[in-house]
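J.: Please find one structure pasted underneath; my questions will follow.
What follows is calculated from the coordinates using simple rules that are stated; it is not laboratory data. Keep in mind it's a predicted model, so treat the numbers as computed, not measured. Neighbour counts run over all protein chains shown; Cβ positions are idealised from the backbone, glycine included.
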Amino acid sequence: MHKTRSILPASTAVMAPFLMAAAFAAIVALQAPPALAAPYLPRSGADVIETLPRRADPQQQELRRMRLQLAAAPADVQLAAALAQRYIAAGRSEADPRYFGYAQAALAPWWKQAAPPAAVRLLRATLLQGTHHFAEAMTDLDAVTAAEPANAQAWLTRATVQTVLGQYAAATASCARLSALAGELASITCLTNVSGLTGQLRKSELLLATTLQRSAGADPAMQAWTLTQLAEMAARRGDARLAEARFLAALKLAPRDSYLLGAYADFLLDRGQPGQAAGLLKEQRRIDGLLLRYALALKQSQATLPSPARQAALADAVRELQARFDAASLRGDSVHQREQARYELHLRGNARAALALALQNWAVQKEPADLRILLEAARQANDRAAAAPALAWLAQTGLEDSSIQPLAVQLAMPAGATPIAIAARSRP
């Protein structure tokens with residue numbers, strides 16, 4: 001999962017990419033029959049299958065109005081881009097991946113063009129990187145920044161993709177271009193997102209926290225993005241109290257932000273608070289990554305406080321996840337590899353399958369969560385050799401993460417050694 005926000009007014013900018021692989025499943029579903037997944041059969045007539053948006057909801061009314069306008073003028077590229085932008089914003093605010101498919105559908109007349117208008121090209125890049133078509137997304141972003149070097153949103157999106165790919169020097173350069181075009185909070189958030197992953201965690205966190213303090217009037221969505229990043233920084237340092245406070249502050253500003261919900265759920269699971277994680281995600285299971293965390297929370301709860309109801313809910317969640325992964329496989333969709341690796345390791349106990357998926361995922365993207373699942377799977381599979389390239393990358397970048405360092409130490413140990421022996425030998 002990855003995150004950025006729009007740094008421009010909604011009328012002129014697209015929502016920036018957030019790169020949660022599962023959240024974009026609906027985009028692929030536009031090109032493949034959704035019926036590939038196993039059907040869900042409710043246990044009783046009282047089961048809620050779907051909660052439909054209220055027709056009186058202002059957002060739904062606005063989307064309907066724009067759809068009607070576009071239907072009357074299907075060649076209006078500005079209207080199509082505006083509608084796609086609104087869909088992306090709705091998908092994030094409602095934690096509903098279907099809106100991203102709607103966004104692509106709005107851009108259909110221009111989607112396959114080699115050089116569509118810049119507004120469409122930036123939106124296409126935003127959606128493409130969400131389905132891990134990073135090379136295609138970068139082609140579009142390079143074209144937009146070359147044609148419009150003052151396009152702040154394009155530079156932010158470009159920095160995001162480069163960070164996901166582990167291209168930190170290039171990402172820093174993109175953030176530097178952004179600093180001359182956008183506000184201080186957006187620029188510093190971009191820069192510290194990179195520097196915080198490259199051995200400068202404490203300094204980056206302090207700079208970002210100070211910038212946020214003097215940006216009280218910033219857009220709430222921008223503040224939520226920054227607070228989420230600060231929460232993750234504190235969690236990587238092992239400061240759970242501060243991380244918790246920041247996550248809760250971000251949730252007050254963006255209670256249904258899909259990236260934020262996933263990050264906070266992971267934090268709660270690491271803290272051994274599965275009940276809170278399950279409650280957080282119970283109504284947000286449409287997104288694969290959030291359903292995965294919900295299932296992990298149920299399993300963790302079941303291990304400490306078994307109950308037939310919880311076991312049945314866990315079995316349902318596991319079946320649904322397997323159906324979704326099977327459908328993705330039939331479509332040739334590899335977007336879910338990180339989530340599927342966690343599923344195989346922590347829900348099915350298949351370390352070898354998890355390791356294979358984690359290695360494939362690592363070849364594509366290199367966020368801390370990608371590294372963590374790879375090292376966890378390698379440890380469980382007792383395969384130090386598979387983890388060696390990732391460990392070398394960890395040493396090269398200087399990434400600081402309290403959940404990753406113990407795994408790295410264990411995998412770097414000679415066979416038969418213990419952490420205590422290693423620590424003792426390293427003392428002067």
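J.: Run the numbers for residue 302 and residue 252: contour at 0.36 nm per residue of separation, minus the present Cα-Cα distance, in nm. Intermediate results must be reported in sequence, preceding the final value.
T.: Details: separation 50, 0.36 × 50 = 18.00 nm, distance 2.93 nm.
Full-extension gain reported as 15.1 nm.
J.: While we're on this one: May I ask you to evaluate 6.51 cos²θ - 1.76 cosθ + 1.60, the Karplus curve with θ = phi - 60°, for each residue of region 380-390 and list the ³J(HN,Hα) values in order in whole Hz, giving x for glycine and proline?
T.: 5, 7, 6, 10, 5, 4, 5, 8, 4, x, 5
J.: Residue 282 versus residue 384, label points 7 Å from Cα toward the beta carbon: distance in nm?
T.: 4.6 nm
J.: Which whole-number percentage describes the relative contact order of region 203-328, with Cα contacts under 8 Å and a sequence gap of 6 or more?
T.: Values: 116 pairs, mean separation 19.2, N = 126.
Computed over region 203-328, the figure is 15 percent.
J.: In debye, nearest 20: dipole of region 265-365 around its Cα centre with unit charges on the Cβ of K, R (+) and D, E (-)?
T.: Working: 14 positive and 10 negative charges, 26 e Å.
Dipole of region 265-365, to the nearest 20 debye: 120 debye.
J.: Another question, then. Which whole-Hz couplings ³J(HN,Hα) result when phi for each residue of region 368-377 is put into the Karplus expression 6.51 cos²θ - 1.76 cosθ + 1.60, θ = phi - 60°, listed in order with x for Gly and Pro?
T.: Residue by residue, region 368-377 yields x, 5, 5, 5, 4, 5, 5, 5, 4, 5 Hz.
J.: Additional query: With r defined as the distance between the Cβ atoms of residue 271 and residue 311 and R0 fixed at 22 Å, what FRET efficiency is calculated, to the nearest 0.05?
T.: On the way: r = 23 Å, r/R0 = 1.04.
For residue 271 and residue 311, the calculated efficiency is 0.45.
J.: Taking the number of other C-beta atoms within 10 Å as the exposure measure, put 66, 413 in order starting with the fewest. The partial results should precede the final answer.
T.: On the way: 66 19, 413 14.
By the 10 Å Cβ count, ascending, the order reads 413, 66.
J.: Dipole of region 194-262, Cα-centred, from +1 at each Lys and Arg C-beta and -1 at each Asp and Glu C-beta, to the nearest 20 debye? Let's see the in-between values first.
T.: Values: 9 positive and 6 negative charges, 33 e Å.
Result for region 194-262 is approximately 160 debye, rounded to the nearest 20.
J.: Turning to a different aspect of this structure: Provide the per-residue ³J(HN,Hα) series for region 200-208, in order, calculated from phi with Karplus coefficients 6.51, -1.76, 1.60 and θ = phi - 60°, each as a whole number of Hz, with x at glycine and proline positions.
T.: 10, 5, 5, 5, 5, 5, 5, 4, 5
J.: On to the next question. Set the Förster radius R0 to 22 Å, insert the Cβ-Cβ distance between residue 364 and residue 114 as r into 1/(1 + (r/R0)^6), and round the FRET efficiency to 0.05. The partial results should precede the final answer.
T.: Details: r = 24 Å, r/R0 = 1.09.
Efficiency computed from Cβ-Cβ geometry: 0.35.
J.: Counting other beta carbons within 10 Å of each residue's own, what order do 133, 336, 346 fall into, fewest first? Present the calculation step by step, with values, prior to reporting the outcome.
T.: Working: 133 16, 336 25, 346 19.
With the fewest neighbours first, 133, 336, 346 line up as 133, 346, 336.
J.: For each of 258, 334, 307, count neighbouring Cβ atoms within 10 Å of the residue's Cβ, then give the residues from fewest to most. If you can, show how the numbers build up before the last one.
T.: Numbers: 258 26, 334 16, 307 10.
Ordered by Cβ neighbours within 10 Å, fewest first: 307, 334, 258.
J.: Same structure, new question: Which whole-number percent gives the relative contact order of region 183-271, counting Cα pairs below 8 Å spaced six or more residues apart?
T.: 23 percent
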